[in-house]
Amino acid sequence: MTEEHLDRMVRDADPYRPDVVGHLDGAKQILLEEIMSEPRLERVVESPPPRSRVGRGTVRRFAGALTAAAVLTGVLVVSTVFREHPDDSQSPPTDAASAGAPVVYSPVAMKAAEGNPRLLIDQPGWKVTTVYGFTEQQGTIAFSNGGRQLEMNWYPAAQYEGYHADRRNVSPPKAVRVDGWPGDLFRYSADDFAVMLRPRDGAFVELRTGEGWSRNDFDGVLADIVRVDVRTWLAALPAEIVTPARVDEQAAKVLVDVPLPPNFDRTALGDVGTNDFYQFGAQVTSRVGCAWIAEWLRAKRAGDDAALQRAGDALRSSHNWRVLHQMNDEGDWPEVFWEIADKVAAGNPPPAYAQGLGCA
């Protein structure tokens, strides 16, 4: 494969290019951090590109790294929510949050939830399939119901005018309301829509459909989107994620057949935050791959042929790592990893390898 081909593959895998379709309308950079303590979930995001659409199987770029937003397997139905707008984070948990023993959320989780719009779809059958972010007035939550998908992204209010100007290039705005929150609807095509809500509490929200919607379908869902209290919103988040408390356990599973670079510090993985399986796998293999490449470069400079061989063998062995094969159906991270690893092992490190793997 030529260098040009690899560069094109890395470029095409980037979902934040406006011309790439078939991916979640996410942020340009995703940096997942801790916000919860059993259950917990978080990420930090930055400005997304202009137009994109809900989908799967593409690679996300976080802190310069490529990782994918996999659809979580343990989705929750989000239909038992309330139509009031409580702002008191200490309000009693709703039924959605209080099945069995009361759920205790960390102060960081509570603060993060207080700072985001906390919108849910109050209709049967809608499930949360992806959640990440909700800090610094930025984040994403995606829902699915059968073949339909809807994603909600929120960003700092200061970015509203730029986004709104971009969306006006899509279509003339049509005034709508979502649970009393005024906004504008934009039509990308006959079955593809977006609604941008006006800034409130330091943030604004954009709701984006996938394909296959009618305007009547969209209006019906918009009518049943509600803003909920902190505990109700947190209770709707997927539970099958790798929390900081489970990092050691899950890292051991990910690394079971992965050769580790010299002086690789497993304990440092505690700072990867909270992730679904795909994101966690990308975080861990990113660090392993970057460390092996650093070792290969060191050995090359030092003329250490034995170490150079070990590093090359380790990188080539990535084709057999179980975690990458488990991830491969969900996105392009394994393919990008293998292409870069093969180039390095063959003695031709790509100039963009650090960007491609998110090496510091």
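Per-structure values
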item	result
Accessible-area order (highest first, 1.4 angstrom probe) of the listed residues 264, 186	264, 186
Added length on full extension, which subtracts the Cα-Cα distance from 0.36 nm per residue, residue 246 to residue 198	13.5 nm
Gain upon complete extension [residue 352, residue 329; 0.36 nm per residue less C-alpha separation]	5.8 nm
Inter-label distance for residue 307 and residue 190, nm, one decimal - labels placed 7 Å from Cα along Cα-to-Cβ	6.4 nm
Charge dipole of segment 253-360 about the Cα centre (unit charges at C-beta), most positive-ward option of 280, 306, 256	306
Heavy atoms of residue 278: accessible area, 1.4 Å probe, square angstrom to 10	0 Å²
Residues listed by number, segment 312-342, amide nitrogen under 15 Å from residue 298 label point at 7 Å toward C-beta	312
Estimated distance in nm for a label pair at residue 217 and residue 316, the labels positioned 7 Å out from Cα along Cα-to-Cβ	5.0 nm
Heavy-atom accessible area per residue - segment 249-296, 1.4 Å, Å²	35 Å²
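The values are calculated or read from the model by the stated rules, or taken from the named source; none is laboratory data. On a predicted model such as this, the values are computed, not experimentally measured, just so you know. A quick note on method: Cβ atoms are made from the backbone with ideal geometry, for glycine too, and the neighbour counts reach across all protein chains shown. With ligands, DNA and RNA removed, areas are computed over all heavy atoms of the protein, side chains included. Shrake-Rupley method; radii C 1.70, N 1.55, O 1.52, S 1.80 Å.
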